[in-house]
Amino acid sequence: MTAHGPQGQHGASDDAGDGDWRLFRGDGRSRSITFPSAPPWRRFDGAGDNGTGRERPYLIGTSEADVVNAALLLRRPLLVTGHPGTGKSSLAHAVAHELSLGRVLHWPVNSRTTLREALYRYDAIGRLRETNMRRDPQDGDGTPGGEPGIGSYVRLGPLGTALVPSATPRVLLVDELDKGDVDLPNDLLNVFEEGEFEIPELARLPEDQATVRVMTADPEAWTDVVRGRVRCSEFPVVVITSNGERDFPPAFLRRCVRLDLPEPDEDRLRAIISAHLDPDGTGVDTDMEGMDELMRAFLARRARGELATDQLLNAVFLRRGGVDLDAEGLLDAVLHRLGRTV
């Protein structure tokens, strides 16, 4: 077989069938194939992605960009709402890329999330176990043979790392805050207002251990904590996403700049497709055969229920690779609704 996948690349196997895009046949026969190139937004080789693991071209309207700039100038968290697929989470990566602010710190929120784990974690059990293991069994009195330092068992979380003093602010993505406990937004108020927090386990150490080196949420990175207190020098760029599943307390909303991302219209959708499928600017024909048909199908389905922009990207990518989206159930599988119908 010669498997023609998306982007027109070829793979080889022991079966015939030139021009067939199907890699998996479901017939129980083993084949040797070469996978075609993945979509640009599903590549994880780290090339040109600001350390995020995938390329993230991002388009936003002027009015929405102005709201982002207001949050940057005010040093306030940006609360981003919108339907799934409107680019809420990607906005944090876009800001980090355009402003050269490095790797985005990611804090995904769920119903069990607590503020403390976002600030730091202390592995007291691990420290106790290591201490016991280091006791010299040859010493009858059990004298410790060099106890491990407490800093090796303290690791800052994404929010704690974002508050570490630095010359430029870090970007922190607080993803789906509305999934968290109802008290979590109020718990964040003091940290966001003061830009600091305390690690009690380090604060109560004796004076000769005032400075402790601890791990951060960045790979292989450490920082010094003095008297158990972490205080930012530049307030981080905080992007908080919400799907609008519940309201937040007025006191929390007062401290945020709010941005509601609209669903992109047809012109914006075509621009997004070009940005993702033509990152080098060599030219992508967004009027290719079947493009208008896919656009009409997407817009019609989006009008009846929630769809995400990346679902249209998936459909266009497959169509460009010669995939027959008219096959039974295939278009429905790609452009399936995400939420309740309206």
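The table below gives the values:
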quantity: Net lengthening on full extension, Trp21/Ala124 (0.36 nm per residue, minus Cα-Cα); calculated: 31.7 nm
quantity: Neighbour-count order for Ser90, Ser111, fewest beta carbons within 10 angstrom listed first; calculated: Ser111, Ser90
quantity: Cβ-Cβ FRET estimate between Thr114 and Asp324, R0 fixed at 56 Å, reported to 0.05; calculated: 0.70
quantity: Sorted by Cβ density within 10 Å, fewest first, the residues Arg170, Arg255, Arg42; calculated: Arg42, Arg255, Arg170
quantity: Isotropically averaged projected area of the range 62-260, using the convex hull of Cα atoms (one quarter of hull area), nm²; calculated: 13.2 nm²
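Every number here is computed from the coordinates shown, using simple stated rules; none is lab data. A quick note: this is a predicted structure, and the numbers were derived from the prediction, not measured. Every residue, glycine among them, receives a Cβ derived from its backbone with ideal geometry; neighbour counts consider all protein chains shown.
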